[in-house]
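Colleague: There's a structure below that I have some questions on.
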Amino acid sequence: MSQDLSMSRSGDEKRQGTPNDVIRGEEEGREKEESKSSLENGDIDTVPPPDNTGAATAEPPSEQPEADGQPPIYSVFTSREKAGIVLGVAVAAFFSPLTAMIYLPAINALADEFHVSVSDINLTITTYMIFQGLTPMLVGSFADSAGRRPAYGVCAAVYVGANVGCALAPSYGALLALRMVQSAGSSATVALCQAVVADVATAAERGAYVGFTTLPILLAPALGPVLGGILAQHAGWRAIFWLLAAAAAALALVLAAVLPETCREIVADGSRRPPPAYRTLWQVARDARARRRAARRDNALPPALTPADAPAPTARPARRKFDALKSLTILLEREIFLLLAFGSVVLAGFYCVVTALPPQLAAGYGYDDTTVGLLYLPMAGGSAAAALLNGRLMNWNYRRHCRLRGVAYDRRRQQDLAGLPIERARLEVGAPLLGAAAAALPAWGWALERRAHPAALCALLFLLGWALVGFNNTANALLVDVNPGSAGAATASGNLARCLVGAAATAAIGPLIAAVGVGWAFTLLAALYVAASPMLFLVLRNGVRWREEKRRRELAREERRGGSGCGGGTG
């Protein structure tokens, strides 16, 4: 009788397979479907490696051996998932510039409320910009080592709490301090946004995503003053902070529910299961549902061995040491310093235009605050055009340089950029935009000086938004390209440079216009572009060599570390 039961059980196992066989079969089926979908969507231009259906074990894409010398697929997220992730973090990054711009219409009301001068209220703007440049240095490095979701959680908690405090601020001193905390909570989201793009997108497809991430950031100058003026006039200045707190809290809940951890130190290409603390609420709920189904299906098997939808084992993430000075180290490298110095000068033109716009339109055309706010929209439209078109141009030019050098182009895999002139691939798109900006700035200044027709002003604002924002997109993409693995710290270093130069430009443009007139002021700014352009030429000429020298220094440093740690061996 026992022999019959044994033979029956053996036959059942042969027909049904063991639990591990079922898991393996379903994983292989999913991999086949993903490979087929990738080919149908045109995600790769190279032939995929053969499917090892008969292999003893089925490895995730990140663990499969390289085929024909090809690196593994960079990210397992689909194109739609990448778009959703980038959209979520871009909306989060929108809060940093929005918080700065929505506050401006309430300056006079705040001065009256706390019985201080307008200059004292302006100090809250200055301190906000200082913290806007400094805070991402710490948060960016923290996110590179500890993960993106913990960084977003800390930023959201600080920002929401600071907005509630500002809404309830009883004195000017409290408002000044809370504005610093508010800046600390919101400003790091810009650096985190670019870091997430670097996590999920290769250099070949990064151009389009970087363009979209800057779009919400640059829409804030158009929407913030209008929204702030309406709230300050009809609901009081405290309503501004209540609105920001409520909107940020709602977005934080959405991101906590659906935004996955993307830090490659934690999840690699996205196929590594994150620890429980890093999982989204949706992942936690899905895991709980899977365990319940597994328990109902076969109580004899523990959830970890249940087939089909049981979660994969959690791998212990490799942690990078937190380096608070990483952003400064990156900023002082030759290529990065020149790129950010020149990029900051270019972006200073954007700050000068948006700062000079309200007083010039009010004095020369007699426009009210609402009309002035609406005239920011052409610049926002140019920014949108830059995001839509220039990203595609960057991807096209990258593909062109790969073809010229006989490098296999595959946007699903991160290619080795050691011998590829990525500087040319990016800046060849940005250089014409720089020329357009240098021509449009004097035209804009003299149009204001001569009281040109508003249609001419709108056309020039559209061109300036396109040119200035488009060049900034190319600089951001290149900054991430040449700093693989440290995207958060690299973007934070760029944010520091641009905020400091932008703060100086915002403070200087008013006195400069008063001294020489608006036409000559923007002509001098365009001349500054031309005078600083040799920095860009040095990056184009020496970028590949500098990156190779940096790579050799890092290798030598790692060898010395390995030798000291292994008793003088090579490690």
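The values are calculated or read from the model by the stated rules, or taken from the named source; none is laboratory data. In this text, all values refer to a predicted model and were calculated from it rather than measured experimentally. Virtual Cβ from ideal backbone geometry, glycine too; neighbours counted across all protein chains shown. Just the protein is used for accessible areas: all its heavy atoms, side chains included, with ligands, DNA and RNA removed. Shrake-Rupley method; radii C 1.70, N 1.55, O 1.52, S 1.80 Å.
Colleague: Would it be correct to say that Ala93 is among the small types (Gly, Ala, Ser), open to solvent by 50 Å² or more (accessible area, probe 1.4 Å) and at pLDDT 85 or above?
Modeller: Taking the combined requirement at face value, the residue does not satisfy it.
Colleague: I'd like the full set of residues that are modelled with pLDDT of 85 or more and β-branched (Val, Ile, Thr), limited to segment 198-224.
Modeller: Once the filter is applied, which keeps residues that are modelled with pLDDT of 85 or more and β-branched (Val, Ile, Thr), segment 198-224 yields only Val200.
Colleague: Of these, Val429, Val530, Val501, Val469, which one is at pLDDT below 90 and surrounded by fewer than 23 Cβ atoms within 10 Å (Cβ to Cβ)?
Modeller: So the residue among Val429, Val530, Val501, Val469 that is at pLDDT below 90 and surrounded by fewer than 23 Cβ atoms within 10 Å (Cβ to Cβ) is Val501.
Colleague: Continuing with this model, one more query. Would you be able to tell me the number of residues in segment 329-352 that are open to solvent by 30 Å² or more (accessible area, probe 1.4 Å), hydroxyl-bearing (Ser, Thr, Tyr) and touching a helix residue (DSSP H, G or I) at 6+ places or on another chain (Cβ under 6 Å)?
Modeller: So the answer is 1.
Colleague: Here are Leu227, Leu251: which of them is under 29 Å from Ala386 (Cβ atoms), modelled with pLDDT of 90 or more, open to solvent by 10 Å² or more (accessible area, probe 1.4 Å) and part of a helix (DSSP H, G or I)?
Modeller: After applying the criteria, what remains is Leu251.
Colleague: Something else about it: Starting from residues that are modelled with pLDDT under 55 and under 20 Å from Arg149 (Cβ atoms), keep the ones in segment 272-312 and report whichever is most open to solvent (accessible area, probe 1.4 Å).
Modeller: Applying the filter and picking the extreme gives Ala312.
Colleague: Hey, another quick one. Six or more apart or on different chains, Cβ under 9 Å: which pairs go from a residue in segment 78-96 that's among the basic types (Lys, Arg) to one that's open to solvent by 20 Å² or more (accessible area, probe 1.4 Å)? Could you list them?
Modeller: From residues that are among the basic types (Lys, Arg), the pairs are Lys82/Tyr209.
Colleague: When only residues in segment 139-176 that are not in a helix (DSSP H, G or I) and not aliphatic (A, V, I, L, M) count, which is nearest to Val254 (Cα to Cα)?
Modeller: Looking only at segment 139-176, we keep the residues that are not in a helix (DSSP H, G or I), and these are 147, 168-171.
Subset that is not aliphatic (A, V, I, L, M): 147, 170-171.
Details: Gly147: 18, Pro170: 32, Ser171: 33 Å.
Taking the candidates together, the pick is Gly147.
Colleague: Here's something else I'd like to know. Suppose we filter segment 70-98 for residues that are among the polar types (S, T, N, Q) and touching a Pro at 6+ places or on another chain (Cβ under 8 Å); how many remain?
Modeller: Residues flagged as among the polar types (S, T, N, Q) and touching a Pro at 6+ places or on another chain (Cβ under 8 Å) within segment 70-98 amount to 1.
Colleague: When residues of segment 230-248 are filtered for being of a type outside the set (A, V, I, L, M, F, W, C) and at pLDDT 90 or above, how many remain?
Modeller: Qualifying residue count, segment 230-248: 1.
Colleague: I'm told Asn122 meets every condition in (1) open to solvent by 30 Å² or more (accessible area, probe 1.4 Å); (2) at pLDDT below 80; (3) under 21 Å from Leu251 (Cβ atoms); (4) of a type outside the set (Val, Ile, Thr) except one. Can you identify the failing condition by its number?
Modeller: All conditions pass for Asn122, except number (3).
Colleague: What number of residues in segment 128-143 are open to solvent by 10 Å² or more (accessible area, probe 1.4 Å) and of a type outside the set (S, T, N, Q)?
Modeller: 8
Colleague: Just to verify a result, which residue in segment 350-409, among those that are under 20 Å from Gly224 (Cα atoms) and not in a helix (DSSP H, G or I), is nearest to the chain's Cα centre (by Cα)?
Modeller: Selected residue: Tyr376.
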